[in-house]
Amino acid sequence: MGKVICPQCQTEYIIVFPNMGVLVLILDTVDSFIYKGCPFLAAGVVVGAIYWCGVTFGAITVMQVIGQKEGLAIMEQSDPLVLLIGLPAIPVALCLGKMITWEDALLSFMRKNVSKIPVIRNLFPFRVDAGTNTDASNEEIPSMSNPVSATRVLCGALLMPTIANMFGKFFFDSVKSNFHRTILGGLTFIAIKGCLKIYHKQQQYIRQCQRKILDYTESNISTYLHNNRQNE
């Protein structure tokens, strides 16, 4: 039996269903339980799949960084509980490390301090000062930090061990230890990528600070359109 109300006239009705027996009642209860429990079961399956993917990636990373034979020997001698906790923590640590924006902190330090020392300032291949529009308000100055892209952070973090291994073999092939070679390759890649990122951000910063806002007149259009064609 169920109670319903008409949405138009607010009249109450009672719907009486026939008794179909104990078996139908049990089947209805089981069906309702399955319907309510499937979302939690699906969430558990997804979390478990992600966890075991993390374990697999962690094991591959250990063998890639330390060496296949050495990595297998270390994992065989380790406690299973340590492996179940430590291996999936590797991709998590890589993602957290990827989110550290040390380039922004270094660039901010360079803008505040390096520009005050002419000798050091001339050593850099780019201008450290803001540019000509130094009287611009803080709202007009472009922000140093870029929006965080989850896919970019994930891909960059997961590819980091492979890139570090490649850089280590290319630049430090004479180093015998695979672990030391991979660490040196990773630090080299981070340093090169960081320098290029700092250079790119500073050039964007100078371009934004030196931009000009002009009236939409025929003279300005012809002047800058002609300059753009010459530059092309």
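General observations
- When the alpha carbon gyration tensor of segment 1-49 is reduced to an equivalent ellipsoid, its three semi-axes come out at 34, 19, 4 angstrom, largest first.
- For residue 47 and residue 180, the difference between the fully extended length at 0.36 nm per residue and the C-alpha to C-alpha distance is 44.5 nm.
- Per-pair calculated FRET efficiency, R0 = 45 Å: residue 23 and residue 89 via Cβ, rounded to 0.05: 0.35
- Length available on full extension from residue 155 to residue 64: 0.36 nm per residue minus the Cα-Cα distance, which gives 31.0 nm.
- Rg and Dmax of segment 1-101, based on Cα coordinates, read 26.8, 79 Å.
- The gain in end-to-end length when the residue 172 to residue 192 segment is fully stretched comes to 5.7 nm, 0.36 nm per residue minus the alpha carbon separation.
Since every read-out is calculated from the coordinates, none of them should be taken as a lab result. Everything numeric in this text was worked out from a predicted model, so none of it was measured. Using ideal geometry, Cβ is built from the backbone for each residue, glycine included, and neighbour counts are taken over all protein chains shown.
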